[in-house]
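Student: Please see the structure below; I have some questions.
The values are calculated or read from the model by the stated rules, or taken from the named source; none is laboratory data. Computed from a predicted structure; not experimentally measured. Positions of Cβ are generated from backbone atoms using ideal geometry, with glycine treated the same way; all protein chains shown enter the neighbour counts. What goes into the accessible areas is simple: the full protein's heavy atoms, side chains included, and nothing from ligands, DNA or RNA. Shrake-Rupley method; radii C 1.70, N 1.55, O 1.52, S 1.80 Å.
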Amino acid sequence: MYIIIAGQAKVTVTNKLGMELEVMNILRGEFFGEMALFSGEPSPVSIVAVDDLQVIVIYSDAVNTMIERQPSLGREIGQIIEARSKAVSMAVQADVSSHAEVDSL
């Protein structure tokens with residue numbers, strides 16, 4: 001997992017046509033890489049630096065230890081994963097809808 005200490009990045013997802021869709025921006029103090037950390041699978045999103053980006057890397061063992069010591073952290077991360085997953089789904093759905101409208105013209 002990575003915590004942004006300076007700069008900002010955008011979260012993107014690639015649609016079925018290979019186009020990159022912007023889902024959200026993440027700023028200093030926010031983190032990314034949590035989906036892959038907890039699922040063990042590649043994330044469906046990409047992170048792209050908007051400007052110079054400095055991050056702190058926190059390895060899974062350290063994250064697991066922190067969650068063991070502070071279970072509420074795990075719940076908070078889970079809520080963020082859920083919110084981000086919904087944002088990705090909404091971006092993809094909006095893209096599908098916009099392409100359906102164009103195709104029907």
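Student: Among Glu68, Glu30, Glu20, which one shows the highest mean-square fluctuation when the chain is modelled as a Gaussian network with alpha-carbon springs under 10 Å?
Tutor: Glu68
Student: Moving on. For the chain, find the longest principal axis of its Cα atoms and tell me its angle to the long axis of helix 60-69, 0 to 90°, nearest 10.
Tutor: It is inclined by approximately 60 degrees.
Student: Taking 1 over the mean of 1/r across every pair of different Cα atoms in the chain, what Kirkwood radius in Å do you get?
Tutor: On the way: mean 1/r = 0.0664 Å⁻¹.
One over the average 1/r among Cα pairs gives 15.1 Å for the chain.
Student: Just to confirm the filter: which chymotrypsin sites (Phe, Trp or Tyr not before Pro) across the range 1-95 are DSSP coil and have at most 15 other Cβ within 10 angstrom of their Cβ? Present the calculation step by step, with values, prior to reporting the outcome.
Tutor: Numbers: sites: Tyr2, Phe31, Phe32, Phe38, Tyr59; in loops: Tyr59.
In loop regions of the range 1-95 (DSSP not H, G, I, E or B), the sparsely surrounded chymotrypsin sites (Phe, Trp or Tyr not before Pro) are Tyr59.
Student: Which percent of the accessible heavy-atom area of the range 1-64 goes to carbon and sulfur, probe 1.4 angstrom?
Tutor: Working: 2060 of 3980 Å².
Solvent-exposed carbon and sulfur of the range 1-64 make up 52 percent of the total.
Student: What whole-number value in Å² describes the accessible area per residue of the chain for a 1.4 Å probe? Working shown, then result.
Tutor: Working: 7040 Å² over 105 residues.
That works out to 67 Å² for each residue.
Student: With a cut-off of 8 Å between alpha carbons and a minimum separation of six or more residues, what is the relative contact order of the chain in percent? Walk me through the numbers before you get to the answer.
Tutor: Details: 134 pairs, mean separation 34.3, N = 105.
Normalised by residue count, the contact order of the chain is 33 percent.
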